[in-house]
Amino acid sequence: MHKKVEVLPDLAALVQRSLELTLAQMHNAIQARGLCTIALSGGSTPKPLYEAIAAQALPWEKVHVFWGDERYVPPDSPDSNQRMARQAWLDKVEIPAENIHPMPTNAADPTDAALQYETHLKEFFQLKSGEFPALDVNLLGMGDDGHTASLFPHTAALQICDRIVTVGNKDGQPRITFTLPTINQARCTIFLVSGANKQAALAQVFASVADDYTYPARFVQPQGELWWLLDRAAGQGLQLPEE
Ligand code: 6PG
């Protein structure tokens, strides 16, 4: 694992730096494999990044967009991660509809939705049994409780290691989420973390000793590149980990 932590002066600088890194990875993937696969996170922090990507001239027919997690709500719900990304980015560019791979929150139930998405990923990435998809870019956020994707502290989803996608649980609200093995298979993982309210959890995530189940972002140890991009409000005063 190649791990890098950068503290940027403010959110605008964090967005600019994440744009640079994301675009570089997308270009490298298209050059190397003819297409790029990127998984999106939800929440508020990545929205300005999605707006910035929408302004780029990219070969959209070679870009495939997935989600790392989703709230179990209809796609037109204000809480939908898909809706946020479509409004901020995807509806503004000429990306083929079949290149957009949302999590199916219209399934019979969350378990069925997770299974459907897992099957879809297996087909798209032509996976053999037991294999996990290697996303070119996986964008992640972190909550002030140390959760990432929809892997919340002390929840069953953290223990799931034989599935690609599983059901997350946020205070009883179902979520669909990549599992840890899927997250840790990514070629490049970029965390975007902004705001002073994240400092306490970041200190635990970066601590040499702390409980992983209490701070699930600690489990993110991908085989590929790992970038932690923090704004100063989040990263100030932090003992940054060895790179
Ligand atoms: C979600 C996310 C979640 C998010 C964190 C941080 O669906 O909510 O994928 O993991 O990244 O909660 O959210 P903010 O960026 O809003 O702080």
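The values are calculated or read from the model by the stated rules, or taken from the named source; none is laboratory data. Since we're looking at a predicted model, the values are computed, not measured. Glycine also receives a Cβ, built like all others from the backbone with ideal geometry; neighbour counts cover every protein chain displayed. Just so you know, the surface numbers come from the protein's heavy atoms only, side chains and all, with ligands and any DNA or RNA stripped out. Shrake-Rupley method; radii C 1.70, N 1.55, O 1.52, S 1.80 Å.
Points to keep in mind about this one:
- Condition check for Ala107: open to solvent by less than 50 Å² (accessible area, probe 1.4 Å) and either outside any loop (DSSP other than H, G, I, E, B) or within 16 Å of the ligand (Cβ to nearest atom) (or both): no
- Count of residues meeting criterion [charged (D, E, K, R) and within 9 Å of the ligand (Cβ to nearest atom)] in the stretch 132-178: 4
- From the options Leu230, Leu226, residue that is within 15 Å of the ligand (Cβ to nearest atom) and under 17 Å from the mean Cα position of the chain (by Cα): Leu230
- Filtered by the rule that a residue be open to solvent by less than 70 Å² (accessible area, probe 1.4 Å) and over 19 Å from the mean Cα position of the chain (by Cα), the stretch 8-22 gives Leu8, Ala13.
- Selection of the stretch 23-77 for residues being under 21 Å from Val193 (Cα atoms), open to solvent by 40 Å² or more (accessible area, probe 1.4 Å) and more than 12 Å from the ligand (Cβ to nearest atom) yields Ala24, Glu51.
- Subset of the stretch 188-204 that is near the ligand (Cβ under 10 Å from one of its atoms) and of a type in the set (S, T, N, Q) - its residue that is nearest to the chain's Cα centre (by Cα): Ser194
- Counting residues in the stretch 88-96 that are in a helix (DSSP H, G or I), more than 14 Å from Arg175 (Cα to Cα) and within 16 Å of the ligand (Cβ to nearest atom) gives one or more.
- Taking the stretch 53-78 as the range and being of a type in the set (Ser, Thr, Tyr) and without any contact (Cβ under 8 Å) to a residue 60 or more places away in the chain as the test, only Ser77 passes.
- Filtered residues of the stretch 187-243 (kept if part of a loop (DSSP other than H, G, I, E, B), under 20 Å from Ala24 (Cα atoms) and at pLDDT 95 or above): Arg187, Pro222, Gly224
- Options Leu139, Leu135, Leu127, Leu151: the member that is more than 18 Å from the chain's Cα centre (by Cα) and within 25 Å of Ile190 (Cβ to Cβ): Leu127
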